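Values in this text are rule-based calculations from the coordinates and carry no lab data. Bear in mind that the values here come from a model prediction, so they are computed numbers and not experimental data. Quick reminder, even Gly has a Cβ in these numbers, built from the backbone with ideal geometry, and neighbours come from all protein chains shown.
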Amino acid sequence: MRYGLVVLWMLLGSVTSAIAQVSVGIALPGVSIGINLPLYPELVQVPGYPVYYAPRLDSNFFFYDGMYWVYQGDNWYASSWYNGPWWLVGPEVVPLFVLRIPVRYYRAPPVYFRGWRSEAPPRWGEHWGNAWQQRRSGWDRWSRSSVPAPAPLPVYQRQYSGNRYPPVEQQQALRSQNYGYQPRTTVVRQHYQAQAAQRAPAPSQRGQQGAPQERSPRQQQDIRRSDPSPSPQQSSVPRSQAPQRGGEDDRRSAPTQAPPQQRGPAVQDRSQPPQQRPDQREQQMPRSSQENNPQGAPQQPRQGQGQERDRERGEERGQERGQERNR
C-alpha cells in the first residue's frame, strides 16, 4: 500500500513539473512562436482585480478583457488563444489593470523587480522612464470599489490542445461561435480588427472577385432597360424623332408589319388579287371584257337588247302553244 502511494505521488509530481516548466516564447505578428502549453492552463483570479493569472506556469501568464497577456524580456505580448500566436504590445497602450497586477503574481519576475513590494504593482515609471510616466500619468491610482467584473474565461479552448490546436485562420471563427464577450479596452478591440484585416482577401483575389462575369440574356435585358444610352441604330435618328426609352421597350413600341391578309388593297401583293364577291367583280370588270368573255360568264345585258329578246321569247312561246293546240 505504501509503495503504491509513493508511485502515485511520483507520477503526479512529474505531470505538475511538466506543466510548470513549459517555456513561453516571443512572438511577433505572422511569426511562429514558442508557447507550447500541452493543455489549457489553470487560471485563478487575482483577488480584487479583474485579472487572472496562471499559478502553475513558470511564466508571467495572465488573462484580462478576453485576451491572454505575457510579460517576457521587457515586452508585453497578447493573444486571443492560450498558445498564441502573440502580438507585441507597446508599454504606452498596455491596459491599466494589466499594469496594476501586483508583483507577487509574476511567476517569473525579472531581476529588476527585486526589492519592490510584492502587494504593489511594478514600478513601471522607474523602468520605462519619465516620458512614459507623464504619458500614463495616474495609471497606479484607481478606486478599489469601482473595479469592473472580470471577463469570462474562454473555457471552450480546453478541447483544442495538442494536434487539435486550431491554426490562425480558424481561431477567430471558433471564438465568434463560442465566446460572445465584447472587450472594453481600445487596444483589445484594435487587436481583433487587425485579425479581421489579415483575413481579408489579397488585392489579386479582390480583382478576381470583381472581374466581370458572363451575364445571362435576362441580365442583359435588365441592363439595357436601366441604361439610357442609345443603341448604335438609334444614334442616327434625329433627337426630335428618337424614342425616349431604349432596349426591349423600343422594340415593343415600334410599328410592326401587318400580315398579308390584314394589308389594304394598295399594299397587297399584285400576284395575289383580293377575293371579291361576284357582284363587285361585275361592277369593276370593263364592258369590253364582259362582251368578250369566252367562258360565258353571266353578263348584265343592255336595256334595248333585253326588250328585244323578251319579245322574241314571247313569240316563240306563243307559237309553241299554238302547235300544242293543233295537236
Query - Distance in nm between pseudo-label sites at L153 and V111 (7 Å out along the Cβ direction from Cα) - result: 3.5
Query raised in the report: Contour minus end-to-end for V168 and E312, with contour as 0.36 nm per residue of separation and end-to-end as the Cα-Cα distance?
Result: 39.4 nm
Query raised in the report: Looking at the square roots a ≥ b ≥ c of the eigenvalues of the Cα gyration tensor of segment 47-143, which shape do they give, rounded for a/c under 1.5, prolate if a/b is larger than b/c, or oblate?
Result: rounded
Requested in this report: Take the Cα pairs of segment 101-162, get the Kirkwood Rh, then feed it into Stokes-Einstein at 10 °C and 1.306 mPa s and tell me D in µm²/s.
Outcome: 108
Query - Charge sum, other residues only, whose C-beta stays under 15 Å from Y106's C-beta, Lys/Arg counted +1 and Asp/Glu -1 - result: +4
Report summary line: Scoring segment 12-199 by relative contact order with C-alpha pairs under 8 Å, at least six apart, yields a percentage of 20
Report task. Evaluate E = 1/(1 + (r/R0)^6) for E42 and E119, where r is the Cβ-Cβ distance and R0 equals 22 Å; express this FRET efficiency to the nearest 0.05. Result -> 0.45
Query raised in the report: Under Stokes-Einstein, with the Kirkwood radius over Cα pairs standing in for Rh, what whole-number D in µm²/s applies to segment 12-199 at 37 °C and 0.692 mPa s?
Result: 190
**Report entry** Cleavage-rule hits (GluC sites (Glu not before Pro)) in segment 81-184: DSSP loop, at most 15 neighbouring Cβ within 10 angstrom
**Finding:** E92, E119
**Report entry** Cα-centre dipole for segment 12-199 with unit charges at Cβ (Lys and Arg positive, Asp and Glu negative), debye to 20
**Finding:** 300
Report summary line: To the nearest 20 debye, segment 43-129 has a Cα-centred charge dipole, built from +1 on Lys and Arg Cβ and -1 on Asp and Glu Cβ, of 280
